[in-house]
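The values are calculated or read from the model by the stated rules, or taken from the named source; none is laboratory data. The structure displayed is predicted, hence computed values, not measured ones. As a convention, Cβ positions derive from the backbone with ideal geometry for all residues, glycine included, and neighbour counts pool all protein chains shown.
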Amino acid sequence: MALKLYCTNCNYQFVPKTEKTPNRCPYCDKLGTIEKANQMQDLIDEVSRETVEKEEREKY
C-alpha cells in the first residue's frame, strides 16, 4: 500500500513520487504542512487498540 500524504493547509491529498516526505505542499506550496493521511486500516487498528485498553482497565 502506498504512503498517502495530505496538506493541513489546503487538504490536498497525494502519494509522493519518492520515499522522502516533501517539505512543501505540491498544490498550495505551503511549507511544513504535510502529514501522513490516515488509511482505513490505521483507523481500525486505533479503535481496536483503544477497545483492548478499555477492556483491560475495566477488569480491575
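Worth a mention:
- Note on segment 13-41: residues that are more than 18 Å from LEU3 (Cβ to Cβ) and in contact (Cβ under 8 Å) with a residue 12 or more places away in the chain amount to 2.
- Residues (out of contact with any Phe, Trp or Tyr (no Cβ under 8 Å at 6 or more places or on another chain) and surrounded by 12 or more Cβ atoms within 10 Å (Cβ to Cβ)) located in segment 12-37: PRO16, PRO22, ARG24, LYS30, THR33
- Qualifying residue in segment 41-49 (condition: surrounded by 10 or more Cβ atoms within 10 Å (Cβ to Cβ), of a type in the set (Gly, Ala, Ser) and in a loop (DSSP other than H, G, I, E, B)): no
- Contacts under 9 angstrom Cβ, first residue in segment 42-60 being under 26 Å from LYS4 (Cβ atoms), partner modelled with pLDDT of 90 or more and surrounded by 10 or more Cβ atoms within 10 Å (Cβ to Cβ), 6 or more apart: ASP42/LYS36
- Taken over segment 3-29, the criterion of being outside any strand (DSSP E or B), touching a Pro at 6+ places or on another chain (Cβ under 9 Å) and among the aromatic types (Phe, Trp, Tyr) is satisfied by TYR12 alone.
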